[in-house]
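Enquirer: Below is one structure. I have some questions about it.
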Amino acid sequence: MNILVLGSGGREHTFAYKIVESPLCDTLFVAPGNAGTAAIATNVPIAVTDFPAIKDLVLRENIKMVVVGPEDPLVQGISDFFVKDSQLNDIVVIGPSKEGAQLEGSKEYAKEFLFRHHIPTAAYQSFTATTVNEGKQFLETLNAPYVLKADGLAAGKGVLILQDIEEAKAELENMLTNKKFGAASEKVVVEEFLDGIELSVFVLTDGKHYVTLPTAKDYKRIGEGDTGLNTGGMGAISPVPFADEVFMKKIEEQIIKPTVDGLAKEKIDYKGFIFIGLIKVGDDPKVIEYNVRMGDPETEAVLPRVKTDLVQLFNHVGSQSLDKINLELDKRSATTVMTVSGGYPEAYQKGKEITGIDTISESIVFHAGTTLNDGKVVTNGGRVIAITSFDEDFREALKKSYQNIEKLHFEDMYYRKDLGFDL
């Protein structure tokens, strides 16, 4: 069949890399794609939220499956758009309904869902500009550090963790009354801080059944030792060494099953990925947040470990028969290191030529923020190229990634050299 992947980052290049391996895929389209996807698929210059243009492409090219990479089209209701259109409703869309996407689209919605289904998470309250004073009073009842989350989508950057009560009160006011994160912070969730080590768990569900994909740990801060500003992610390691069988059983019983069952009970149409951001507090897992798509850069470490045909998996999602498939995984560790443009996550320049890609061996190159300019690969985003490597031990896999990154060159290239320091 002909397949379309929506998105332009490292996650989408990884989807493309796995989909073209499948004998079930005839022609792969990526919209809008990047220089990496251009080498293995047909890039189409369409925005991920331009639903009419996506419809035209799907009908024109006889596309039978659409894999949605980023959250924006999901929160804007692309799955519903397909379901409600008689010309499109037989096409398999990998991604939840607009209602299901609220798990990521609204922090408050996610918190209410967690509490309704008795899924372990931090205590919280949410506030708006009219209740900013009550918010300051609620902060007084918590111990430092204080966690403030913009309710809406803020590209992974709408969370503040502050040590000082007065600074927390000032930032709450800044978010609510001065719209620090724009419309995303018209409502702010204030929650208790959970102390522990974080991990990500990825689940693929057909709405009735689910398969649990490999765990991963990503590194969000720009600086070594997890310092500095939050980014979209500087690298990832899969599997997470501390997530042993006993801990994974707790995650399944206390979090994954109640989540999938809760969606079914509430008749929320959900066919796609659930990305559960967790924290291990003592020996127990608690949910920090839900995302309704695969993570980036975690996808670059997780999907290469999936040996089962990805298109076959997606077909089972479409027919709600995921219970009929046996997920086969590579037992080795995979590590992904992200190279970024100088200045990121603040202002950075684009259009810098990238060299050395073809010299990389024993690692997989995933393009994130790249494009083609006169036949040359140039930078086109903050996060530029991810390098993924395998080995029996994650430290050895990291060594391979770092050795290969030294062969890559673009002006002001930066990457973290300390991934895995906390494992």
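The values are calculated or read from the model by the stated rules, or taken from the named source; none is laboratory data. Note that the structure is a prediction, hence the values are computed from the model and not measured. Here the Cβ positions follow ideal geometry from the backbone for every residue, glycine too, while neighbour counts run over all protein chains shown. Ligands, DNA and RNA are excluded from the accessible area calculation, which covers all protein heavy atoms including side chains. Shrake-Rupley method; radii C 1.70, N 1.55, O 1.52, S 1.80 Å.
Enquirer: What are the semi-axes of the equivalent ellipsoid for the chain, taken as the square roots of 5 times the Cα gyration tensor eigenvalues, largest first, in whole Å?
Expert: Equivalent ellipsoid of the chain: 31, 26, 22 Å, largest first.
Enquirer: Can you tell me the Rg and the Dmax, both Å, for the Cα atoms in the stretch 144-301?
Expert: 16.5, 47
Enquirer: Per residue of the stretch 124-132, what does 6.51 cos²θ - 1.76 cosθ + 1.60 with θ = phi - 60° give for ³J(HN,Hα)? Whole Hz please, x for Gly and Pro, Karplus curve as stated.
Expert: The phi angles translate into 7, 8, 10, 9, 10, 4, 7, 10, 4 Hz.
Enquirer: On to the next question. Pull out a ≥ b ≥ c, the square roots of the eigenvalues of the alpha-carbon gyration tensor of the stretch 298-423, then state rounded if a/c is under 1.5, prolate if not and a/b is larger than b/c, and oblate in the remaining case.
Expert: prolate
Enquirer: Please say if the stretch 163-213 is rounded, prolate or oblate, where rounded means a/c under 1.5 for a ≥ b ≥ c the square roots of the C-alpha gyration tensor eigenvalues, and otherwise the choice is prolate for a/b larger than b/c and oblate otherwise? Could you put the intermediate results ahead of the total?
Expert: Values: a/c = 4.33, a/b = 1.93, b/c = 2.24.
Because a/c hits 1.5 or more and a/b fails to exceed b/c, the stretch 163-213 counts as oblate.
Enquirer: Distance in nm between label sites at His118 and Glu353, each 7 Å beyond Cα in the beta-carbon direction?
Expert: According to this spin-label approximation, the distance is 6.4 nm.
Enquirer: On a full-extension model of 0.36 nm per residue, what is the gain between Asp393 and Asn89, subtracting their alpha-carbon distance, rounded to one decimal in nm?
Expert: Values: separation 304, 0.36 × 304 = 109.44 nm, distance 4.48 nm.
Additional length available on full extension: 105.0 nm.
Enquirer: Please say if the stretch 30-75 is rounded, prolate or oblate, where rounded means a/c under 1.5 for a ≥ b ≥ c the square roots of the C-alpha gyration tensor eigenvalues, and otherwise the choice is prolate for a/b larger than b/c and oblate otherwise?
Expert: It is oblate, given that a/c is not under 1.5 and a/b is not larger than b/c.
Enquirer: Within the stretch 1-74, list the GluC sites (Glu not before Pro) lying in a DSSP loop whose Cβ has at most 16 other Cβ atoms in a 10 Å radius. Present the calculation step by step, with values, prior to reporting the outcome.
Expert: Values: sites: Glu12, Glu21, Glu61, Glu71; in loops: Glu21, Glu61, Glu71.
Answer in residue order: Glu21, Glu61.
Enquirer: Also, quick follow-up: Accessible area per residue for the stretch 281-321 in Å², computed with a 1.4 Å probe and the full protein assembly in place, what is it?
Expert: Ligands and nucleic acids excluded, the result is 26 Å² per residue.
Enquirer: 5 Å is the cut-off here: which amide hydrogens, built 1.01 Å from N in the peptide plane, fall below it relative to Lys220, excluding neighbours closer than 5 in sequence?
Expert: Hits under the 5 Å cutoff: Met234.
Enquirer: Still on this structure, I have one more. Starting from the amide H of Thr121, placed 1.01 Å from N in the peptide plane, find each other amide H under 5 Å away whose residue is 5 or more places distant or on another chain.
Expert: For Thr121, the qualifying residues are Val287.
Enquirer: As a test of the formula, what do you get for the chain when each DSSP H run with n ≥ 4 contributes -39,500 (n - 2.57) and the sum is divided by the residue count, at 222 nm and rounded to the nearest 500 deg cm²/dmol?
Expert: -7500 deg cm²/dmol
Enquirer: Considering the alpha-carbon set of the stretch 4-97 alone, what are its Rg and its Dmax in angstrom?
Expert: Just the Cα atoms of the stretch 4-97 yield Rg and Dmax of 12.1, 34 Å.
Enquirer: Continuing with this model, one more query. Under the 0.36 nm per residue contour assumption, what length would be gained going from the current alpha-carbon distance of Asn373 and Ser321 to full extension? Show your work: numbers first, answer last.
Expert: Details: separation 52, 0.36 × 52 = 18.72 nm, distance 4.36 nm.
Computed gain between Asn373 and Ser321 is 14.4 nm.
Enquirer: Mind listing the long-range amide H neighbours of Thr42? Cut-off is under 5 Å, sequence gap 5 or more, other chains count too, H placed in the peptide plane at 1.01 Å from N.
Expert: Hits under the 5 Å cutoff: Leu28, Phe29, Val30.
Enquirer: Determine the share of the stretch 139-245's accessible area contributed by carbon and sulfur atoms, expressed in whole percent, with a 1.4 angstrom probe.
Expert: In the stretch 139-245, the share of accessible area belonging to carbon and sulfur is 47 percent.
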